[in-house]
1. Suppose accessible area is computed on protein heavy atoms with a 1.4 Å probe; arrange V60, V100 from highest to lowest.
2. At R0 = 30 Å, how high is the FRET efficiency between N96 and K45 if r is their beta carbon distance? Nearest 0.05 is fine.
3. Within 10 Å, at most 11 other Cβ atoms, and a DSSP state outside H, G, I, E, B define an exposed site. Report the longest part of the chain free of exposed trypsin sites (Lys or Arg not before Pro).
4. What number results when the radius of gyration of region 16-61, computed over Cα atoms, is divided by 2.2 N^0.38 Å?
5. ³J(HN,Hα) across region 31-36 via Karplus (A = 6.51, B = -1.76, C = 1.60, θ = phi - 60°), whole Hz, x for Gly/Pro?
6. Can you give the FRET efficiency for T80 and A24, using 1/(1 + (r/R0)^6), R0 = 30 Å, r = Cβ-Cβ distance, to the nearest 0.05?
7. If we count every other residue with Cβ under 15 angstrom of K35's Cβ, Lys/Arg +1 and Asp/Glu -1, where does the sum land?
8. May I ask you to list the aspartates and glutamates whose Cα is less than 12 Å away from that of K6, ignoring any residue fewer than eight positions away on the same chain?
Amino acid sequence: MRIIAKSTLRKFWESSPQCFEAKAPIEAWYAEAKKAKWQTPQEIKEQFRSVSILKNSRAVFNVGGNKYRLIVAIDYSRQTIFIRFIGTHSQYNKINAEVV
């Protein structure tokens, strides 16, 4: 999969010393997703059991032992993932995951 954009992830872990611990798990997710060739939400679920599948081809990943949430939009036909949000649980609780 092509991922747009890693810079969004980098900005998050560089945003504060607290978020820097997210770097390794985010990079691990990125490496797995980049190698993936998902065609359906079920294929994502097979690889990442804790993923939540939402409407509009969106998925929410728990990252870093469930400390962080990553929301992506996926264009399966173009094999592209668009990063829509990365944040802590408290930040995630303040947004609508289906519209960010």
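The values are calculated or read from the model by the stated rules, or taken from the named source; none is laboratory data. All values reported here derive from a predicted model rather than from experimental measurement. With ideal geometry, Cβ positions are generated from the backbone for all residues, glycine too; neighbour counts draw on all protein chains shown. Ligands, DNA and RNA are excluded from the accessible area calculation, which covers all protein heavy atoms including side chains. Shrake-Rupley method; radii C 1.70, N 1.55, O 1.52, S 1.80 Å.
1. Ranking V60, V100 by accessible area, largest first, yields V100, V60.
2. Given R0 = 30 Å and the Cβ-Cβ separation, E is 0.85.
3. It runs 1-36.
4. With N residues counted in region 16-61, Rg over 2.2 N^0.38 Å equals 1.31.
5. For region 31-36, the Karplus-derived couplings read 4, 5, 5, 5, 7, 5 Hz, x marking Gly and Pro.
6. For T80 and A24, the calculated efficiency is 0.80.
7. Counting the neighbours of K35, the net charge comes to 0.
8. Hits, sequence-local ones excluded: E27.
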